[in-house]
Each structure stands twice: as C-alpha cells, then as structure tokens.
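Peer 1: Next up is a structure, given as structure tokens.
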C-alpha cells in the first residue's frame, strides 16, 4: 500500500466511496471469485467512470492485502479522509440552532466506533469529534462497519477533548454526557445546538470529561442485563436527541 492512500474494503463501503466522489478512488482490487456478482459489477462500472485502475486478483491475495478481513471480494485505494479542524466545523455550524454533534471519549473498539458513525450519519448528526490519543481512529475496520457513512459526516480530530468541549460551550453548544448514573433521557428536553459524549464500553466517559458536560444523561433500563454496549446506547440516545431537537416544530 502507498503510504499516502487509505485502504477500504467491503461492498457497501467501496460502493459508497465511489458514489460520493468526495475522495478519489485510485485503484480497485476485485477477487476473481466475484465475476458476474451484481453489486461487484456495479462497483467496477463506477470505478471505470472514476478512471480508477482495476486489478482482478485471486481471493488469497485479497485476503493477504486486507489481513484476512471480511472484504467481500473488493478492496480499494482511496485518498485519505480529510479531517476538519474544530474551528472550521464550528464556523460551518454557525447559526444552525438544531445542529447535533457526537464526541467519543477513549473508544478503542473499531466495531463500536464504526456502528456509532453509521447511526450518527443516519440520525442527522453532522459532526463527530475524535481525540487524537486513546481512540481507535478511522481504520479500514471502522470504515467497513460504518458502511461508507464516513463520507457523509464531518470528522474532527482534537488534541484535548475537554478543551474542545469548552470551546463548543463558548460557541453556544450544550454538552450532554452519557453515563448510567445520569438523568433518564425520557425526562429530557434538550437544549441545542448540542454535543453528545459517549465513552468506552466498560469504563464510560472519564471524570474530567464529565466535568465539562452540562448534563449527564442515561437510558432507563429494565431486566437483568447490566448495561448496553456503547454503540447500542449511542444509537438510542442519538435517536432521542434527534427526535426532540430536529423533528420538533
């Protein structure tokens, strides 16, 4: 792999990257076992329109290139994702009183992060904040789970999450942190624009992060399960926020 290119794999992620045209797909690898596959043939057609180089290779080689990931017979080289500066994202959000953002705090599981990004894009969240350290980042595995949703949402990388949250509060954002000890979401009437902070599974948000939240919120639960995983909890809270902020008249 060339160092200046990202690698993505899987039918839906590669298809979405080609359709969005936000980043240049330079090369497509297709397993010869997928000859005639309807979705893969559509990917090849889109790749040709983008003037991407197309290589047909055996499945074993594709396994090696993707380190035995679930590639579904396709892999692509693509321009690196453009990470936004916090100041740029805040400038673009200026005046949008119903804007919703998401921030993750020390999330290291690519499955959780990918699923959360997919839900965020689906539920109308415009921006995701990722700390530079102790967070998984946008890896090929995250991209695969997100099913290409990364092309439809702003990704902001920050050196210090607490400082970023304070900057957002100064710009009029309300910050809500998810924690089991928080106020039940069914009682919430969210102020906006707003940022939802989700922590890692098992540890939640850090104490320092919680101190920078305007309110700590939680999901009411019944039954014997101790807690939801991070992506499931994030999806429920994001829907609650979207329905109360963006859908209300």
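The values are calculated or read from the model by the stated rules, or taken from the named source; none is laboratory data. Note that the coordinates shown come from a computational prediction; the quantities given were computed from them, not determined experimentally. With ideal geometry, Cβ positions are generated from the backbone for all residues, glycine too; neighbour counts draw on all protein chains shown.
Peer 1: Any residue at all in segment 124-131 that's part of a helix (DSSP H, G or I) and over 9 Å from the mean Cα position of the chain (by Cα)?
Peer 2: No, there is no match, as no residue in segment 124-131 is part of a helix (DSSP H, G or I) and over 9 Å from the mean Cα position of the chain (by Cα).
Peer 1: Would you mind telling me which numbered condition in (1) closer than 22 Å to residue 227 by Cβ; (2) surrounded by fewer than 17 Cβ atoms within 10 Å (Cβ to Cβ) residue 167 fails?
Peer 2: Looking at each condition in turn, residue 167 falls short on (1).
Peer 1: Go through segment 117-139 and give me each residue that's farther than 16 Å from residue 209 by Cβ, in contact with a strand residue (DSSP E or B) (Cβ under 7 Å, 6 or more places away or on another chain) and buried (at least 20 other Cβ atoms within 10 Å of the Cβ).
Peer 2: 117, 120, 125, 127, 138
Peer 1: Further question: For segment 191-231, give me the residue count where each residue is touching a helix residue (DSSP H, G or I) at 6+ places or on another chain (Cβ under 8 Å) and free of Cβ contacts under 8 Å to residues at least 24 places away in the same chain.
Peer 2: 1
Peer 1: Considering only strands (runs of 3 or more DSSP E) fully contained in segment 7-113, which possess at least 1 residues that are at negative phi and surrounded by 18 or more Cβ atoms within 10 Å (Cβ to Cβ)?
Peer 2: Strands (runs of 3 or more DSSP E) meeting the threshold: 25-31, 74-78, 100-105.
Peer 1: In the set 19, 60, which member is more than 17 Å from residue 81 (Cβ to Cβ) and modelled with pLDDT of 85 or more?
Peer 2: None of the others qualify; the one that does is 60.
Peer 1: Something else now. Does residue 4 count as in a loop (DSSP other than H, G, I, E, B), in contact (Cβ under 8 Å) with a residue 12 or more places away in the chain and surrounded by fewer than 13 Cβ atoms within 10 Å (Cβ to Cβ)?
Peer 2: Here the answer is yes, as residue 4 does meet what is asked.
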